[in-house]
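Visitor: To start, I am sharing the structure in question, which I have written as structure tokens.
The values are calculated or read from the model by the stated rules, or taken from the named source; none is laboratory data. Just so it is clear, the model here is predicted, and its values are computed rather than measured. Every residue, glycine as well, gets a Cβ built from its backbone with ideal geometry; the counts of neighbours run over all protein chains shown.
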Amino acid sequence: MSTAPILREFLVIIPDKPSVRKTRLALRSLHVQNMTHLVASGQWKMGGALLNSVPDLEDDPTKFDFMGSTFVCRAESRAEVFEQVKQDVYASGGVWDLARLDENASYGVRIRKGRPRRWIKPMDGLVAQNQNADMISITVHSKRTTT
């Protein structure tokens with residue numbers, strides 16, 4: 001009897017190359033269209049653009065200040081994730097700076113193995129710290145304020 005492959009969740013953070021805003025916007029509809037089957041199959045769990053600044057109340061991508069992309073995908077290995085990334089139109093179209101994926105800890109592919117979390121509460125919000133994984137990931141959740 002064969003066993004099912006072990007799928008892990010990977011957080012992928014990819015910076016854009018400099019001065020690719022027009023190219024990104026031109027390829028955006030094709031990028032979104034090509035994502036549909038990956039999302040429907042459950043391979044890609046969520047994702048979106050990374051921005052240098054919070055946009056105004058408008059939800060108009062032509063006015064966004066893009067800096068890259070991030071997404072969570074399910075795969076057996078890091079190599080499989082890189083293959084998925086390279087097949088995206090943002091990669092083949094020269095938007096994503098694939099050379100910087102592993103340049104430093106700010107960008108790249110990170111794995112989550114679903115181990116227990118310990119919550120601590122610093123001054124500025126809650127932090128989830130996964131101390132038992134191969135890497136320590138820290139997520140800051142800011143306090144919400146109302147005006």
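Visitor: When only residues in the range 29-50 that are of a type in the set (S, T, N, Q) and surrounded by 14 or more Cβ atoms within 10 Å (Cβ to Cβ) count, which is farthest from residue 83 (Cα to Cα)?
Guide: 34
Visitor: Additional query: Considering every residue within the range 19-28, establish whether at least one is surrounded by fewer than 16 Cβ atoms within 10 Å (Cβ to Cβ), in a loop (DSSP other than H, G, I, E, B) and of a type in the set (Ser, Thr, Tyr).
Guide: Yes, because at least one residue in the range 19-28 is surrounded by fewer than 16 Cβ atoms within 10 Å (Cβ to Cβ), in a loop (DSSP other than H, G, I, E, B) and of a type in the set (Ser, Thr, Tyr).
Visitor: Scan the range 51-76 for residues that are without any contact (Cβ under 8 Å) to a residue 40 or more places away in the chain, exposed (fewer than 15 other Cβ atoms within 10 Å of the Cβ) and not acidic (Asp, Glu) and jot them down.
Guide: Listed by number, the residues that qualify are 51, 52, 53, 54, 55, 57, 61, 62, 63.
Visitor: Taking the options 27, 7, 50, name whichever one is of a type in the set (A, V, I, L, M) and in contact with a helix residue (DSSP H, G or I) (Cβ under 6 Å, 6 or more places away or on another chain).
Guide: Selected residue: 27, the only one of 27, 7, 50 that is of a type in the set (A, V, I, L, M) and in contact with a helix residue (DSSP H, G or I) (Cβ under 6 Å, 6 or more places away or on another chain).
Visitor: Among the residues of the range 1-40, write down those that are of a type in the set (Ser, Thr, Tyr) and in contact (Cβ under 8 Å) with a residue 60 or more places away in the chain.
Guide: 23
Visitor: Which condition from (1) out of contact with any strand residue (DSSP E or B) (no Cβ under 6 Å at 6 or more places or on another chain); (2) at pLDDT 90 or above; (3) not acidic (Asp, Glu) is the one that residue 99 breaks?
Guide: So residue 99 meets the others, but not (2).
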